[in-house]
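First comes the structure, then the notes that go with it.
Here, each number is a calculation from the coordinates, and none is a lab measurement. Remember, it's a predicted structure, so these values are computed and weren't measured experimentally.
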Ligand code: ADP
Ligand code: F6P
């Protein structure tokens, strides 16, 4: 009897995120259990243009659940930004004879998926980014590991900052989303956080907060800054000038993207990977697997990409209320 489901392609795209390997493993194992062939596309969408593919079997994903990064490599692929590129990539998918392309990545990568959908390719998206900036999903794979890495670094900075009675400025990633900043601000016991969602920063207000907290007995301070908000080094100099407190800036950078995924990232990745293949077997087309209220669910691809949700700021408020 001819099999109903045949072949899926899978790629990881955009910035890598811890847990991407766990989701690749889940997709491949769930597929192979159900007689579905999997083709891994290397280096994000670039693999389509370079015809860089490899078959993935249950065995080829052994020993990857605990590894950071992505065995499929990832890339930012400029060819996908033009209509000609999208047509070419879709033609390669058709030549490969894949029934669905599973795209693991952030909002950019899933937007690339939407462009391929417009060229007749079936897409199932899985949110994979440390930034937690895919608004349709309450979780994106990699976030928990990145926050834990940031908090571990912040704890170390707290030790030295406290010994020297200094102020530490810590710049974290997140692109334009403040989730890593706010979560590590709460977990790291920060005085304040500076995030895009709240707009421009009033540096005098920040300096005044540091001065007030010192008067209340605080011996060191910690400010978390989301990347791209301002120059952290300059902020340190300016705050030091205004407060008289020795201030140092640390940019955590790409170390937030590496490392062994936490159990939470592995579990959600495994659940999302399984769900993606279940959706494929149910003949669902052009959807994004999402995390909502503790459940793994799905949303229409286009709706998911255009999803809006308001910044509420309760967690940011928590940082401030608890700072002293
Ligand atoms: P992320 O997926 O983490 O948000 P990027 O925004 O860098 O990362 O996007 C990753 C890749 O997805 C891009 O290099 C490009 O190949 C593809 N992509 C992003 N935006 C678009 C778009 N508007 N149209 C087509 N492809 C896109
Ligand atoms: O999207 C993940 C992310 O790490 C962002 O937090 C950051 O802005 C960006 O990627 C950095 O990209 P690159 O690795 O190209 O410097």
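Write down the percent of antiparallel bridges among all DSSP beta bridges whose residues are both part of the chain, to the nearest 5. Provide the component values of the computation, followed by the final result.
On the way: 10 of 41 bridges.
Given both bridge residues lie in the chain, the antiparallel proportion sits at roughly 25 percent.
Kindly express, to the nearest 10 degrees and within the range 0 to 90, the angle between helix 20-33's C-alpha long axis and the longest C-alpha principal axis of the chain.
20
Please determine, in degrees from 0 to 90 and to the nearest 10, the orientation of helix 232-243 with respect to the longest principal axis defined by the Cα atoms of the chain, where the helix direction is its Cα long axis.
20
Taking the chain as a Gaussian network, Cα atoms linked when under 10 Å apart, which of 241, 86, 256 shows the biggest mean-square fluctuation?
For the chain, modelled as a Gaussian network with Cα springs under 10 Å, the answer is 241.
Would you please classify the overall shape of the range 145-239 from the alpha carbon gyration tensor, given that a ≥ b ≥ c denote the square roots of the eigenvalues, rounded means a/c under 1.5, and beyond that prolate means a/b larger than b/c while oblate covers the rest? Before the final figure, lay out the partial values.
Numbers: a/c = 1.82, a/b = 1.16, b/c = 1.56.
Note, shape of the range 145-239 comes out oblate.
Of 215, 114, 301, which has the largest mean-square fluctuation in a 10 Å C-alpha GNM of the chain?
215
Helix 263-281 sits at what angle to the longest principal axis of the chain, using alpha carbons and giving 0 to 90 degrees rounded to 10?
Result, in degrees: 30.
Mean-square fluctuation check for the chain, GNM, Cα pairs under 10 Å: which of 245, 27, 182 is largest?
Highest fluctuation among the options: 245.
Calculate how many DSSP beta bridges within the range 1-114 are antiparallel, expressed in % of all such bridges and rounded to the nearest 5. Intermediate values should be presented prior to the final figure.
Values: 4 of 13 bridges.
The answer is about 30 percent antiparallel.
Could you tell me the distance between the Cα centroids of the range 133-191 and the range 225-301, to the nearest Å?
What the calculation gives is 11 Å, centre to centre.
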